[in-house]
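Take a look at the structure set out below.
Every number here is computed from the coordinates shown, using simple stated rules; none is lab data. Being a predicted model, the structure only gives us computed values, none of them experimental. Cβ placement follows ideal geometry from the backbone for every residue including glycine, while neighbour counts extend to all protein chains displayed.
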Amino acid sequence: MLSLNLQFIRKKNPAAILLALALLSLVGGCRRTDNPVETNEQESITTMRLTLTPVGGGAPITAQWRDLDGAGGNPPVITPLALRAGTTYNGTVEVLDESKTPAENKTAEILEEANEHLFVYTVSGGAQGRVNITVTDLDTNTPPLPVGLQYRVVVTAGAAASGNLRVILYHYDGVRKTVNPSNEIDIDASFPLNVTP
Amino acid sequence: MKRAIVPYFFLALFWQVAATATAQPLYRASGKVTDAATGELLIGATIMVVELGRGTATGTDGTYRLDNLPQGVYQFRCSYVGYKTQTATLNLQADHVQNFSLQTLGATQRELTVTGDKTREVLQQSSQSVSTMSKSDLDKHRGQTLGETLRDLPGVTVLQTGPSISKPVVRGLHSQRVLILNAGVRQEGQQWGAEHAPEIDPFASAKIEVLKGAASVDYGSDAIGGVIRIEPRPLPRENAVGGELTVNGFGNNAQGAASVLLEGGVAPLEGLKWRLQGSYRRAGDAATPQYFLNNTGFSELNFSATTALRKDWGDLCAYYSRFSTELGVLRSAHIGNLTDLVSSMQRREPFFTDPFSFSIDFPRQRISHDLISLRARLGLGNEHTLQLTYGYQQNIRQEFDAHVPLGTDRSRREIPSFDLTLFTHTAEARFAHAPIGNFIGALGLAATAQSNNNLGRSALIPNFTSLTGGVFWREAWVSEQWTLNAGVRYDVRVQNATPYGSSRIAQQLQRGEIQSRQLFHTVTGAVGALFQFSPEWSIGANVATAWRPPSINELYSDGVHHGTAQYETGNPALDVERSFNIDATLRHIGEKTRLEFSIYNNAISNFIYLFPLVEPQITIRGAFPAFEYQQANAVLRGIDGFFEWTVFNQTRFFMSLSLVRGWNIGRGEPLINMPSDRLIVGVHIDLPEAFGLQKTYLELTTTQVRRQDQFPMLTLPAQLPPALSDPEAYQFYVQNLTLPPAGYGLLGVSIGAEFSLLAQQATLILSAQNLLDQRFRDYLSRFRFFADDAGRNIILRLQLAFGAYSDD
């Protein structure tokens, strides 16, 4: 076929020349099939850790959500949050990528983009109303809006209770940050929660 | 559907083959055929003796001769492409000279070229059901996607992902189960994805045929549901340059589209013809009755070039086409996790309802498809022919996700999440032997080589290479009234996957825990019969098998499918899918009525389908709807057909019906995602000529879609999956995910006319889809959880021929 085309070109047939050019551009335009950049990217968070320090002093307590093999495969391993009634805690949250060695701490990146991120803490179940969480840090938006890397947990005195703590990290990606949910969720994880008297 | 006027009255005469008495004296009829205007001799004009079913053609001197005609009264019919057919009545008592002088066809009479032979051709076209859209049918749909163009055909529905992405569904099957032949080459893109539309220029086709039911003998694997054959128009016969300009505007999404076609011949080289064609489409956000579907615009640029050489030894044709598009995916359909999905399902309006915009933002797709088709048809002497086809395709699909992982630079979104390049070479040789007695048939060899390469930020499917080879043989025994056909084919496919990305399946592939090399082979066959039991009626029946190896995504998918936020897992142990299809088709062409009606039973063993799991995929971003490729025996049954009735001379009533029932035998429940029952009823009125307007018509169409009541239900497990962050959303999800939306009815209207503009033929069509601006959601719309389907769309189409272009 190609030799046929060439004959036509010699005869200056415009259609054949065009076709041949198209063919050539196509051959020239063939794509590279090797990777030009490191593009093998996966969701990079494996772990979220909550650390709560009692205001009156005492050992901090932690709760952890961890899925080392990422989505699929093994289910996440979650350690529950064990709170004491009548105690107030100062809390922090850490986000890690433990699939890398050494593990990467992603918390600083959230802090850097604090004006586009918001952690929301919601308690449900029997502990609802017993455990109140308020975010204590602010970003540099005008007016300043909460970030949620730091928060205060107030557990009222009373009987034992259990429930769930849901932590959502909203990302306001290309939209103005508000205190309402965005449609971009970076983290949405839950911890079982127990209150002991 | 063909809506051409057919002079049916020839037909009745045509089939009454006169019994000839041998004792009678025999005479000769001869004469010449000329152009009435120029007096030029016409070479190759056909002369038919209607009563005898005998005919001949004029030779290079423009004359014909028919010997051994018994005494009698005959109708001699003389026809030639581009000319009015002429009939002369002869009382043959001696040798007779009968000359014909033919008049060229005016614009209004072109449709009369459809003759009695055409009727026979339609009635005896195939023992399988075939719906054909001619150029004039297609012209009424220019500027729309392939799916939307075919959606009114009986047995065809559409799988839609927003207004810009649609795929045809044939008898309940789609994607890898419906083969698309573009310019003789099997279209190979990433057709497995439900939101991957076929890469077809809506302006390039002059004829589309939809062959319904299994057809593996001729087409190899994948033709389980049917075959869509798309053909550009034949190259011109004359050397003079001509062309056609098409412009259209769509009110709903402010879509503008234009296509230019230019064709001609090369005088010094007899038989060499060429065509160039290009089209552009640009659209913004589509509108539902209440809000805009943000980020559903697109920008599409297509180009094709054809050249062919026609000689007495055969013909050669080279075709190149390029399709490229960039399209937005509904912004509100970009969801995080199951909670987001549920809140979308519960909302009346989508998350984003911003004002109209032309911008194409994230998430979006960028696709290009290049196709080269080289075809040769060679006469080997003694009426043997050899047909050779080679195709090369390069398909690039890039999907850009709105989400970038935490802490990643936003500019990373410019790197596609998926970036797939698929190279395909196809080759076919088909040898059609000369008729042996009443047998006509063909033997063929076919081969396909593919390689698929990932470049994106992540991967859903691995890289792969595959080789497919097939050999087939088909014979038909043809008589006046009967056609019996049978065929057999053997195919083998070997496929080798290499992992890309770090998904679980990719890692298993890497470690050799799952098979990366797979071999599939199978024998398929078909037998069919077609019987024209009266001049106006025929019936065909067919038993055919077809097969399809599990596709790469079904075997190895593992990851979140962006844009749909569903976690899809493949199954490397899947087996070959095989269908056993029985169908029957009744056809009728009468003076005032036309009908085609089919009934079918397509039993598919090892049917592969994507099914939602009750257990969601828990990730740190929340629970994701999880889907798994499953395999079970299934059966699809249905009826489809159309009926047309010319009630008065100018008024034609038509209807088209598609019903399909899919049953999952393995699970003992209806198959998921089967199209809803659909009935289209309309009336077409030809209006009188006025103000220089010709062929003016008014057409009203209603489409009734019943709510799908055949669907599987998910059941909540006794114990909720652990680590759910939002149990309430989860419960709502399980209970509502498979529920179909309500049925709906739509009204459409179309007014068209032909007129003369700058001494050239022009066609203007004004139409409105969803005239009453109804809110609705279709069951096969993948965005039914997020937003309504598009509302009223007013479309203006102008077509202008120029130069030596004739619309025949």
Checklist outcome for this item: If amide H atoms are modeled at 1.01 Å from N in the peptide plane, then the residues at a separation of 5 or more from B:Gly641, or on another chain, having amide H under 5 Å from its own are B:Gly155, B:Ser598, B:Leu657
Checklist entry - Roughly how many nanometres apart are two label points built 7 Å out from the Cα toward the Cβ at B:Val478 and B:Leu26? => result 2.5 nm
Item to check | Dimensionless Rg/Rh of the range B:380-525 - Kirkwood Rh, Rg from C-alpha atoms | outcome: 1.20
Checklist entry - Taking amide H positions as placed 1.01 Å from N in the peptide plane, with prolines and chain starts having none, which residues 5 or more places from B:Tyr805, or on another chain, fall under 5 Å of its amide H? => result B:Gly243
Next on the checklist: Per residue of the range B:45-53, what does 6.51 cos²θ - 1.76 cosθ + 1.60 with θ = phi - 60° give for ³J(HN,Hα)? Whole Hz please, x for Gly and Pro, Karplus curve as stated.
Outcome noted: 6, 9, 10, 10, 8, 4, 5, 9, x
Item to check | Integer Hz, Karplus 6.51/-1.76/1.60 couplings in order for the range B:128-139, x for Gly and Pro | outcome: 9, 7, 10, 10, 10, 10, 7, 4, 5, 5, 5, 4
Checklist outcome for this item: So for R0 = 56 Å, FRET eff. of B:Ala690-A:Ala82 from the Cβ-Cβ r, to 0.05, ends up at 0.05
Checklist entry - When the helices in the protein assembly as shown are scored as -39500 (n - 2.57) per DSSP H run of 4 or longer and the sum is shared across all residues, what 222 nm value do you end up with, to the nearest 500 deg cm²/dmol? => result -2500 deg cm²/dmol
Checklist outcome for this item: Given B:585-597, B:705-717, B:539-551, the highest-first ranking by average Cβ count within 10 Å works out to B:539-551, B:585-597, B:705-717
Checklist outcome for this item: Across B:331-339, the residue-averaged tally of Cβ atoms belonging to other chains within 10 Å stands at 3
Checklist entry - Around B:His96, which amide H atoms from residues at least 5 apart in sequence, or from another chain, sit under 5 Å from its own amide H, with H modelled in the peptide plane? => result B:Arg28, B:Ala29, B:Ser30
Next on the checklist: If R₀ is 60 angstrom, what is the calculated FRET efficiency for the pair A:Ala159 and B:Ser359, using the beta carbon separation as r and rounding to 0.05?
Outcome noted: 0.60
Checklist entry - What spacing in nm lies between the two simple spin-label points modelled at A:Glu112 and B:Arg504, each 7 Å away from Cα in the Cβ direction? => result 3.2 nm
Next on the checklist: I need the peptides B:287-296, B:70-79 ranked by packing, meaning the mean over residues of other C-beta atoms within 10 angstrom, with the highest value on top.
Outcome noted: B:287-296, B:70-79
Item to check | Contour excess over end-to-end distance, with Cα ends at B:Asn496 and B:Thr60 and 0.36 nm allotted per residue | outcome: 151.3 nm
Item to check | Relative packing of B:394-402, B:443-451, which averages over residues the other C-beta atoms within 10 Å, highest first | outcome: B:394-402, B:443-451
Next on the checklist: I'd like the antiparallel share, as a percent to the nearest 5, of DSSP beta bridges with both residues in the protein assembly as shown.
Outcome noted: 95 percent
Next on the checklist: From the Cα trace of chain B, what convex hull volume per residue do you get, rounded to a whole Å³?
Outcome noted: 163 Å³
Checklist entry - Tell me, what is the FRET efficiency for B:Val523 and B:Ile43 to the nearest 0.05, using R0 = 35 angstrom and their Cβ-Cβ distance as r? => result 0.15
Next on the checklist: Just the number: Rg to Rh for the range B:214-373, Cα atoms, Kirkwood Rh, two decimals.
Outcome noted: 1.13
Next on the checklist: When 1/r is averaged over all different Cα pairs and the result inverted, which Kirkwood radius in Å belongs to the protein assembly as shown?
Outcome noted: 31.6 Å
Item to check | Exercise: per-residue mean of other protein chain Cβ atoms within 10 Å, A:62-73 | outcome: 4
Checklist outcome for this item: Shielding of B:453-464 by other chains, given as the mean Cβ count within 10 Å, works out to 3
Checklist entry - With θ set to phi - 60° and the Karplus curve 6.51 cos²θ - 1.76 cosθ + 1.60, what are the ³J(HN,Hα) couplings of the range B:231-239 in order, to the nearest whole Hz, using x for Gly and Pro? => result 10, x, 6, x, 5, x, 8, 9, 7
Item to check | Hydrodynamic radius by Kirkwood, which averages 1/r over all alpha carbon pairs of the range A:47-196, in angstrom | outcome: 16.1 Å
Item to check | P(r) weight above 20 Å for the range B:739-808, C-alpha pairs, percent | outcome: 51 percent
Next on the checklist: Return the Rg/Rh ratio of the range B:611-688 with Cα-based radii and a Kirkwood Rh.
Outcome noted: 1.31
